[in-house]
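Q: Got a structure here, written out as structure tokens. Questions coming.
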Amino acid sequence: MIEEKKLICVTCPRGCQLTAEVEDGCVLDVSGCSCKRGKTYAEAELTDPRRMIASTVRISGGIHPMLPVTTSAPIPKGLILQLMAVLRTVDLQAPVRMNDVIVSNVLGTGIDVIASADMEKV
């Protein structure tokens, strides 16, 4: 049975209203795209949704108690809660430099959690 899914494309400022036809988890057709990125976005969002995650981890000996971090690439949406549980266990020591790898290959995804700011030692 073919289902019709409605999405709003977020790949450019236009925010096209997309309509995708999906059958058994496969995207058959996407309409409403003003550019070719819309079709790619809809297919990815409906078959393997991923998100960039920005969060914080604890750090000792720094000028602040928390260090901002981000994923090096979008992580599967279904792993977000597990990722946050991993980040709650991290406790670093200053100094840390921007783009330092904080958690390598998090949850076996091949994606790293990296520092998104420098943290000087006090």
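The values are calculated or read from the model by the stated rules, or taken from the named source; none is laboratory data. The shown structure was predicted, so the numbers you read here are calculated from the model rather than taken from an experiment. Please note: Cβ atoms are built from the backbone with ideal geometry, for glycine as well, and neighbour counts cover all protein chains shown. Note: areas computed on protein heavy atoms with side chains; ligands, DNA, RNA excluded. Shrake-Rupley method; radii C 1.70, N 1.55, O 1.52, S 1.80 Å.
Q: Within region 1-107, considering only strands (runs of 3 or more DSSP E) that don't extend past its boundaries, which have at least 1 residues that are within 27 Å of K121 (Cβ to Cβ) and more than 18 Å from the chain's Cα centre (by Cα)? If you could, list the steps in order and put the result at the bottom.
A: Working: elements: 3-8, 17-23, 26-31, 54-60, 66-71, 91-93, 101-103.
In region 1-107, the matching strands (runs of 3 or more DSSP E) lie at 54-60, 66-71, 91-93.
Q: Take the residues of region 108-122 that are in a loop (DSSP other than H, G, I, E, B) and touching a residue at least 60 places away in the same chain (Cβ under 8 Å): which is most open to solvent (accessible area, probe 1.4 Å)? Steps first, please.
A: Initially, region 108-122 is screened for residues in a loop (DSSP other than H, G, I, E, B), giving 109-112, 116-118, 120, 122.
When the remaining residues are screened for being touching a residue at least 60 places away in the same chain (Cβ under 8 Å), the result is 116, 122.
Values: S116: 50, V122: 128 Å².
Looking at residues that are in a loop (DSSP other than H, G, I, E, B) and touching a residue at least 60 places away in the same chain (Cβ under 8 Å), I get V122.
Q: Scanning for something within 14 Å of A54 (Cβ to Cβ) and in contact (Cβ under 8 Å) with a residue 24 or more places away in the chain, does region 95-102 turn up at least one residue?
A: yes
Q: Filter region 40-80 for residues that are of a type in the set (A, V, I, L, M) and open to solvent by less than 60 Å² (accessible area, probe 1.4 Å) and give the result.
A: Let us first name the residues in region 40-80 that are of a type in the set (A, V, I, L, M), namely 42, 44, 46, 52-54, 57, 59, 63, 66-67, 69, 73, 75, 79-80.
A42, A44, L46, I53, V57, I59, L67, V69, A73, I75, L79, I80, listed by residue number.
Q: Residues to consider are L83, L18, L87; find the one that is in contact with a strand residue (DSSP E or B) (Cβ under 9 Å, 6 or more places away or on another chain), surrounded by 14 or more Cβ atoms within 10 Å (Cβ to Cβ) and closer than 24 Å to M1 by Cα. Show your work before the answer.
A: On the way: L83 fails: closer than 24 Å to M1 by Cα; L87 fails: closer than 24 Å to M1 by Cα.
Within the list L83, L18, L87, the selection yields L18.
Q: Restrict the check to region 103-120 and report whether at least one residue is of a type in the set (A, V, I, L, M, F, W, C) and touching a Gly at 6+ places or on another chain (Cβ under 8 Å). Can you show your working first?
A: Let us first name the residues in region 103-120 that are of a type in the set (A, V, I, L, M, F, W, C), namely 103, 106-107, 111, 113-115, 117, 119.
Narrowing further to those that are touching a Gly at 6+ places or on another chain (Cβ under 8 Å): 119.
The answer is yes; a qualifying residue exists.
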